[in-house]
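Q: Below is the structure I would like to discuss, written out as structure tokens.
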Amino acid sequence: MVAIGPLNIRFDLLIFLLSLAVLYGIFRFLGLSSKQREAVIGTWFYGFLAWKGSAIVIGLLTTRDLSLALYATGGVWSQWIAAAVVLWFVYRLDRNLLGYWVLSGLLIWLGMTLAVPVYGTILNLSDQPIHLWSAALLLILFGMTWRWMHAPTRGHILWTVCGASGIWLFQSYAVGQVQWWMMGISLILFGLSLYVARPSKKAIQISIGVLVLLAVVNAALPERATQTITTETASTGLNIGQIPPSFKLQRTDGSTFDLASLRGQQVVVNFWASWCPPCRAEMPDMAVFAKERDEVTIVAVNTTTSERDPDDAISFVEPYEDAFTVVYDRDGQVGDAYRIQAMPTTYVLDESGVIIAKQFGAIDKNWLDAQLN
């Protein structure tokens with residue numbers, strides 16, 4: 001999150017809104033009318049409103065409390081609703097503006113990619129900045145889209161979407177999270193693109209040449225047994241694909257908890273405070289998730305130095321002691337090591353202790369299910 005006065009704003013959402021502002025300036029520079037700019041950017045803004053509005057409704061249905069529902073994320077359902085709203089407005093968009101819309105989507109994706117550092121493996125080389133590699137590929141796709149955006153065709157749009165799916169597949173493969181259905185979607189898009197707009201002979205030759213070059217480079221590098229990121233291949237850090245600092249803290253009963261003792265298990269490390277409204281909003285969902293998923297351990301780290309009275313934290317979290325492990329960062333060293341600037345902040349670790357997801361802001365059961373399915 002980013003602290004702006006008394007408000008804490010999720011960094012990814014801030015990047016999203018800033019991207020819309022940048023797009024407005026770019027489209028104005030390109031000569032689009034005010035109505036045209038609003039039509040293109042409005043598709044994303046209305047999608048954002050649909051996402052947040054549906055999240056609040058879902059939060060109300062589950063918590064019956066508006067103050068808590070305001071911090072709900074809505075999970076997968078809200079994402080699907082937002083996607084449907086965006087596609088509906090794209091369907092109604094003037095055909096001549098479709099190229100500008102594709103360009104806007106790539107720019108938003110580029111901003112969101114750079115906002116969340118991710119590390120993984122490329123061509124058998126571990127600990128690579130996947131977000132930077134992805135950004136470079138997106139910039140190439142952005143430049144290609146810039147050339148045809150004034151006069152879009154179905155072929156242009158399909159091949160750009162196909163390229164975007166390839167970047168998505170590359171990101172998933174690099175962090176060891178690629179699945180068969182992802183490859184299926186990419187292959188379907190590739191086949192559809194070939195059917196609608198057959199590429200030139202030169203384009204086919206260049207593509208084959210690049211694939212052969214990558215295959216030769218990959219064969220020349222030391223072979224790794226698996227693409228999965230492990231303790232041996234991951235570096236220490238706070239980004240996805242890295243291993244966060246270990247720690248030892250006291251539980252409520254005074255016994256010592258060691259994060260390293262959970263190696264071999266999936267772990268959720270959540271930083272919270274009793275005075276924090278989003279923290280209060282997410283606790284019930286975390287408890288429900290913890291009771292349903294015995295194989296996942298939730299470690300709730302209280303930032304005790306931020307509490308007015310430590311007893312407030314103890315009394316607040318008491319109903320959840322049976323659901324997850326509660327520990328207290330009484331001197332603030334763990335919070336400093338994890339660079340906690342706003343709460344709640346959550347890290348999800350796999351069995352090797354590697355970060356596979358993180359969230360700055362409230363989480364819910366749907367989000368946890370999506371990260372640990």
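Q: Mean separation of Cα pairs under 8 Å and 6+ residues apart, divided by the residue count of the chain: what relative contact order is that in percent?
A: Numbers: 554 pairs, mean separation 63.5, N = 373.
Worked out over the chain, it gives 17 percent.
Q: Once region 68-176 is represented by equal point scatterers at the alpha-carbon sites, with solvent omitted, what log10 I(q)/I(0) does the Debye formula produce at q = 0.18, 0.23 Å⁻¹?
A: Log10 I(q)/I(0), no solvent term: -1.00, -1.24.
Q: Per 0.36 nm of contour for each residue apart, how much would the distance between GLN179 and GLU318 grow if the chain were fully extended, relative to their Cα-Cα spacing? Don't jump to the answer; show the numbers that get you there.
A: Details: separation 139, 0.36 × 139 = 50.04 nm, distance 3.97 nm.
So the extension gain works out to 46.1 nm.
Q: Indicate the gyration tensor shape class of region 71-116 (rounded, prolate or oblate), computed on the Cα atoms with a ≥ b ≥ c the square roots of the eigenvalues: a/c under 1.5 is rounded; otherwise a/b larger than b/c is prolate and the rest oblate.
A: oblate
Q: Right, something else. For the pair THR236 and TRP275, what calculated FRET efficiency results from E = 1/(1 + (r/R0)^6), where r is the Cβ-Cβ distance and R0 = 22 Å, to the nearest 0.05?
A: That gives a FRET efficiency of 0.10.
Q: Work out from phi, with θ = phi - 60° and the Karplus expression 6.51 cos²θ - 1.76 cosθ + 1.60, the ³J(HN,Hα) of each residue of region 352-366, listed in order in whole Hz, and give x for Gly and Pro.
A: 8, x, 8, 6, 10, 6, 8, 9, 9, x, 5, 10, 9, 4, 4
Q: Here's another thing I want to ask about it. Considering only THR62, ASN124, LEU87, whose Cα is most displaced toward the positive end of the charge dipole of region 9-218, charges sitting on Cβ of Lys, Arg (+1) and Asp, Glu (-1)?
A: Result: LEU87.
Q: Let me ask you something else. Tell me whether the chain comes out rounded, prolate or oblate; compute the Cα gyration tensor, take square roots of the eigenvalues as a ≥ b ≥ c, and use a/c under 1.5 as the rounded threshold.
A: oblate
Q: Where does each of VAL85, VAL334 land when they are ordered by accessible area, with a 1.4 Å probe and the largest first?
A: Putting VAL85, VAL334 in descending order of accessible area: VAL85, VAL334.
Q: For the charge dipole of the chain, defined by +1 on Lys and Arg C-beta atoms and -1 on Asp and Glu C-beta atoms about the Cα centroid, which residue among GLN250, GLN265, LEU169 has the Cα displaced farthest towards the positive pole?
A: LEU169
Q: Can I ask one more? How much of PHE142 can a 1.4 Å solvent probe reach, expressed as accessible area in Å² and rounded to 10?
A: 40
Q: By its C-alpha gyration tensor, with a ≥ b ≥ c as the square roots of the eigenvalues, how is region 9-218 shaped: rounded for a/c under 1.5, else prolate for a/b larger than b/c, else oblate?
A: oblate
Q: Heavy atoms of the protein only, probe of 1.4 Å, neighbouring chains included. What is the accessible area of LYS291 in Å², nearest 10?
A: Its accessible surface works out to 140 Å², give or take rounding.
Q: Show HIS131, HIS150 ordered by accessible area, largest first, where the area counts protein heavy atoms only and the probe is 1.4 Å.
A: My answer, sorted largest first, is HIS150, HIS131.
Q: Could you give the size of the charge dipole of the chain about its Cα centre, using +1 on the Cβ of each K and R and -1 on the Cβ of each D and E, expressed in debye and rounded to the nearest 20? Numbers along the way, then the final one.
A: On the way: 25 positive and 28 negative charges, 477 e Å.
It works out to roughly 2300 debye.
Q: By Kyte-Doolittle mean hydropathy of at least 0.0 and Cα axial length of at least 15 Å, which whole DSSP H helices of the chain are selected?
A: 11-29, 34-63, 75-91, 98-115, 130-148, 154-174, 180-196, 201-220
Q: Another question, then. Could you pull the accessible area for TYR173 with a 1.4 Å probe, rounded to 10 Å²?
A: The accessible area of TYR173 comes to roughly 120 Å².
Q: I want to make sure I understand the PRE zone here: with the label point 7 angstrom from the Cα of HIS150 toward its beta carbon, which residues in region 32-57 have backbone N atoms less than 16 Å away?
A: Hits in region 32-57 for HIS150 at 16 Å: 32-33.
The values are calculated or read from the model by the stated rules, or taken from the named source; none is laboratory data. None of the values given here were measured: they were computed from a predicted structure. In this analysis, Cβ positions are derived from the backbone assuming ideal geometry, glycine residues included, and neighbour counts consider all displayed protein chains. What goes into the accessible areas is simple: the full protein's heavy atoms, side chains included, and nothing from ligands, DNA or RNA. Shrake-Rupley method; radii C 1.70, N 1.55, O 1.52, S 1.80 Å.
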